Each structure stands twice: as structure tokens, then as C-alpha cells.
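Bear in mind that the values in this text are calculations on the coordinates, not laboratory data. Please read these numbers as outputs of a predicted model, since none were measured by experiment. Here the Cβ positions follow ideal geometry from the backbone for every residue, glycine too, while neighbour counts run over all protein chains shown.
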Amino acid sequence: MSELDLGFIRSQFPAFSEPSLEGFAHFENAGGSYACGQTIERLDRFYRQTKVQPYYAFQPSKTAGELMDAARARLAAWLNVSADELHFGPSTSQNTYVIAQALGQLLKPGDEVVVTNQDHEANIGSWRRLESAGIVVREWRIDPDSAELRAADLEVLLGPRTRAVAFTHCSNIVASINPVRQLTELIHRAGAWAFVDGVSFCPHGLPDVAALGADLYLFSLYKVYGPHLGAMVMRRELNTALPNQGHFFNSTIPGKRFVPAGPDHAQIAAVNGVVDYMEAVASHHQLDDPLPSARAAGVRKLFRDHETALLQPLLDYLAAKPGVRLIGRTAAAERAPTVAFTVSGRRPAELAASLANAGLGVGTGDFYAYRLVQALGIDPGEGVVRASFVHYTSGQDISRLIEALDALL
Ligand SMILES: Cc1ncc(COP(=O)(O)O)c(C=O)c1O
């Protein structure tokens, strides 16, 4: 099957048959997606059957540990990385914080890191804090007209002391997809590590992280139909180069070195639900390549084709509407379905309240991309309206959104 079967997809999400959500259209998916039934079922089952300390010999404990190991191995296979390269922490913000602590112990005063002003603060602030240890922080700025990052602007910032560059796969406001492979190659040629925030990209299909070439690739499972966890792929070389942040006696266990908070066992086990869901989508659409990363590519294409078809009319509508400032590109094929805009003379919060009355859930504000919003000349206190959707969104939801906007603007 080459087209997404939306009826099947929606049947996998209990939210779509939840009476209290009837008539509500969810357009704040970049903030957090609905959980698929498989995640909810895995979480429920863990709490009912195996909610004990894992990895001991007694049966529920043994099973709990096996479920956690399986979650790690299965998600890693979908991302085309090894299980010992995948780490689970409480959130992406906390994961970057921990890695930055380690980096601060390794780097020398005068070493340099590059951050952007396009990212969510999670992939800026942690690295910027290194300034207090004498690290020089350089800012790779967006082109204010297009809101995009240009590789040529990064090139001039790279030098012999650059040790790391942190940038986003896809901004949670601009939504264009940065050429990660090209950028990681450029960064590696300069002898630096590439730290990539994949939070806004991953809900639209899990990527082949090995192919992207990032040394650190981060995303948040609560936006990928799963539990509230941060996932972090860390290449082995980076893991061994950075000093251990966990208990000293665990320093040789790759998966424990950068997760100082004891992980949430039930939520890790529930990551199996995300993979169960991806497997169900693949199998329903006859994507049966034996390689998980090939099935992931097939699912990604299904998601993307559906999202792109739905996105274009929304972009066309906003781009043509007088007084609307649409952030980012107008061609759906060149961006993710995260659509941020402002309307002259109208407050984002007021517009969102009217949309909420019509049963449409959009977000407003700076979405913690504070520096980006500022660079775009927008008051972060007001921010933008953001309507973000994913593959389970229907054409009817989009029509409702366009009609409701049209009644308002
Ligand atoms: C692009 C982006 N990066 C990072 C984060 C932070 O993720 P977390 O909430 O897991 O810390 C978010 C959260 O909204 C985000 O949108």
C-alpha cells in the first residue's frame, strides 16, 4: 500500500475514540503528540505485572529488565544505531544539560562551541553555560529574511579550536529541514562534534541516525506517540571521550554514564509501544523489508506524503491572506507541518482563544525558541500562533482549521 490508511492510523490512537475529545482537533502536536494505544497498553501492563525493581532473578523483575532491554534494542534498530548508543533520560533538556556538564569537564578555556539562534533553548542554553568555564561560545545566526541557517555562515565560524556545533534538524517554528548530513560532514572536517536536536523532526518519521552522521542526536518520545522520555543517540567515540556523569562504579557501562537520574523503568518499557506502533503501520502497509531501518524509511515516506498533501492548502491559505506573516517556506515539500504565523494587529493569545472555542487546539508563544522569535523581530512575550500536525491529522481537520481562521481573519 503506497498511501497512508488514515482509518487504520486513527484506530491505533485511543484519543480518537475518547468521548471527552470528540469534536476536538489537536493542532499542538509539536508540543506533545497523542500516545498510541500500544504505548498506553505497555505502560499499563508494566504497572500491573512488572512494577518491581528490574534485573533481579525473580520473575517479574527479570521480565521488567527484559522489557527495558528490548525497548532499547528495538528502538535502536529503527534508528539504525547500536543499542549501547541509545540512552533514555527524563527529557531532551535534561539530556543536553548532562552532556554539557561532561563537555565542560573535558574542554579547555579558549576552546569553542557553536550554537544557533534557530534552536529551542534546550540545544542552546546548556552549551552557552560553558562560557562560565572559559569556553568561547559562537552564534550561528539565521538569515533574518528567510529564518534559515546557511552553511556558508557556519563555515566562517569554524576554526582550529571549535570542539562542538549544536544545531537543529528542524526548527519548532521555522520548520524547514536542515541538511544534517551535509552539515555534520562540514563540522567533522573542522574536527568538531555535531550535536543535533531531532525533537521536531522525529514525530514525522524516525530517521536513519547513522546516515545523518551526528555524534549526538536527541529527541523526545512524548512527541513521537510514546511516554514522557528524552532519547539520545550518542556515538561510541563521544561516549568514551566524555567523562562519566553517573555513579563511579558504573563508569564502564555506556548506557549509564550520561543518565545520572535513575531512569523511569515503566516508561522505558513503554517505548516498546512506539516500536509496536511503527511495526503495525509497516505491516499494515505491506512494508516488510527485514531491515528495521528500511521499514522506518517506508513509514517515514508514508507519513511525509500524507502530511505534505495536507500542509500545502494551509500554507497557501496563510501565504495569501493579507496581514498574515507566515514563518518559513511556502512549499510543503520543503518543510515540516509545523506552521507558525502572526497576524498584524491581532494578539496570538486572542486568536488561539477563538480557535479553542471552535474546538481547535493551537499553541501560542515563543515555544522556548526565544532567541529565534527575537531574531525574527517578534516580541517573545506575545510570540506566534503555531498550528502543528502529524500523520494522524485528517483533511477534515485541516479544512476546519482553515475555515475557522477565515472566519477570524
Ligand atoms: C525543537 C525542540 N527541542 C527541544 C525541546 C525540549 O524537549 P524536552 O521537553 O524533552 O526537554 C523541545 C520541546 O518542545 C523542542 O520543541
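Annotations
- Estimated D of region 368-409 in µm² per second, where Rh is the Kirkwood radius over Cα pairs and Stokes-Einstein applies at 37 °C, 0.692 mPa s: 265
- Cα-based convex hull volume of region 256-375 per residue, rounded to whole Å³: 205
- Annotation note: GluC sites (Glu not before Pro) in region 15-53 located in DSSP loop regions with a Cβ neighbour count of at most 13 within 10 Å are Glu22.
- Spin-label pair Glu148-Ala309: with each label point 7 Å from Cα along the Cα-Cβ axis, the two points sit 2.7 nm from one another.
- Under conditions of 10 °C and 1.306 mPa s, the chain yields 72 µm² s⁻¹ as its translational diffusion coefficient, taking Rh as the Kirkwood radius over Cα pairs in the Stokes-Einstein equation.
- Charges were assigned to the Cβ only: +1 to each Lys and Arg, -1 to each Asp and Glu. The resulting dipole of the chain about its Cα centre is roughly 840 debye.
- For Lys321, the aspartates and glutamates whose Cα falls under 13 Å of its own Cα, not counting residues fewer than eight places away in the same chain, are Glu403, Asp406.
- Each Lys or Arg adds one and each Asp or Glu subtracts one; over the other residues with Cβ under 13 Å from the Cβ of Arg141, this totals -3.
- Dipole of the chain [Lys/Arg +1, Asp/Glu -1 at C-beta], most positive-end residue of Ile40, Pro313, Val81: Val81
- The simple Förster model, with R0 at 22 Å and r as the Cβ-Cβ distance, assigns Ala353 and Phe24 a FRET efficiency of 0.90.
- If R0 is 45 Å, the Cβ-Cβ spacing of Glu185 and Asp379 corresponds to a FRET efficiency of close to 0.75.
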